[in-house]
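Asker: Once you've had a glance at the structure underneath, I'll fire off some questions.
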Amino acid sequence: DTEVTQTPKHLVMGMTNKKSLKCEQHMGHRAMYWYKQKAKKPPELMFVYSYEKLSINESVPSRFSPECPNSSLLNLHLHALQPEDSALYLCASSLGLQGTEAFFGQGTRLTVV
Amino acid sequence: GENVEQHPSTLSVQEGDSAVIKCTYSDSASNYFPWYKQELGKRPQLIIDIRSNVGEKKDQRIAVTLNKTAKHFSLHITETQPEDSAVYFCAASKYGGSQGNLIFGKGTKLSVKP
């Protein structure tokens, strides 16, 4: 199994809603990442988890809250988002911290209305 | 922090021609350099990577070269095919330690005309 699975594939939410994005991998990878990608732009790192502990938070607003319940799962909790937060949210995982191949999920296309 | 510059931003070639995309990085401590291909509406997929202890790596029609002194690395695609059309991203990161993040270039949109 070389898949990183993200759900949902598409999400439309209002600015007062609370929602969660989910990411799952069963490759035994111990590093997991959230990236944000706007149209025609490269992925931008948001968070890095290593061995289920938050390793990097790239100054992301608190309306984005990551959670790593176990080594296979990574969540991103969303609350009080703004329309400019609309983007493709990509989860990735790698065997260890970057330096080994990072596998990306298909992403969640988020629209904030 | 690391900064990765990528050129050109768009590249159009005829089928069968070669394509070259170039990247430079700023942090001499970076030691891992992957290339990702992203088709429209799809996930980035790794196509080739190189580590700093190697100067060149080849996989069929794709090759990557690394010049550590000049801090630049390049992607070479030979005998291009229409299915090579996509956005290509270079990236740099430091292996090991407490850091572990890919810094991406801005991407190159490659169009291969039949």
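Derivation of every value follows stated rules applied to the coordinates shown; laboratory data play no part. Here the structure is a predicted model, which is why all the values come from computation and not from measurement. Because the Cβ atoms are built from the backbone with ideal geometry, glycine has one as well, and the counts that use them run over all protein chains shown.
Asker: Write down Rg/Rh for the stretch A:27-113, rounded to two decimals, with Rg from the C-alpha atoms and Rh from the Kirkwood relation over Cα pairs.
Answerer: When Rh is taken as the Kirkwood radius, the ratio is 0.95.
Asker: Taking H as built 1.01 Å from N, whose amide H comes closer than 5 Å to the amide H of residue A:3, not counting residues under 5 places away?
Answerer: A:26
Asker: Once you list every other residue whose beta carbon is under 12 Å from the beta carbon of residue B:28, what net charge do they have if Lys and Arg are +1 and Asp and Glu are -1?
Answerer: Taking every other residue near residue B:28 into account, the sum is +1.
Asker: Given the C-alpha atoms of the protein assembly as shown, compute the convex hull and give its volume per residue in Å³.
Answerer: Considering the Cα atoms of the protein assembly as shown, their hull volume per residue is 120 Å³.
Asker: What are the ³J(HN,Hα) values, in whole Hz, obtained from phi via the Karplus relation 6.51 cos²θ - 1.76 cosθ + 1.60 with θ = phi - 60°, for each residue of the stretch B:37-52 in sequence order, with x given for Gly and Pro?
Answerer: Those phi angles translate into 10, 10, 7, 4, x, 10, 6, x, 10, 5, 10, 6, 9, 8, 9, 6 Hz.
Asker: Given H placed 1.01 Å from N in the peptide plane, which residues other than close sequence neighbours of residue A:15 have an amide H under 5 Å from its amide H?
Answerer: A:113
Asker: Please enumerate, by chain and number, the lysines with C-alpha under 25 Å from the C-alpha of residue A:40, excluding those fewer than 8 residues away in the same chain.
Answerer: Answer for residue A:40, where 25 Å is the Cα cut-off: A:9, A:22, B:22, B:37, B:42, B:106, B:109, B:113, listed by chain and number.
Asker: Under the Kirkwood approximation for Rh and a Cα-based Rg, what ratio Rg/Rh is obtained for chain B?
Answerer: 0.97
Asker: Once the dipole of the protein assembly as shown is set up with Lys and Arg at +1 and Asp and Glu at -1 on Cβ about the Cα centre, which of B:1, B:66, B:24 lies farthest towards its positive end?
Answerer: Farthest along the dipole direction, towards plus: B:1.
Asker: Once phi is turned into ³J(HN,Hα) by the Karplus curve 6.51 cos²θ - 1.76 cosθ + 1.60 with θ = phi - 60°, what whole-Hz value does each residue of the stretch A:40-54 show in order, with x for glycine and proline?
Answerer: Going residue by residue, I get 6, 10, x, x, 10, 5, 10, 9, 10, 10, 10, 6, 6, 10, 5 Hz, with x marking Gly and Pro.
Asker: What fraction of the DSSP beta bridges in the protein assembly as shown is antiparallel, stated in percent and rounded to the nearest 5?
Answerer: Restricted to the protein assembly as shown, the bridges split so that about 90 percent are antiparallel.
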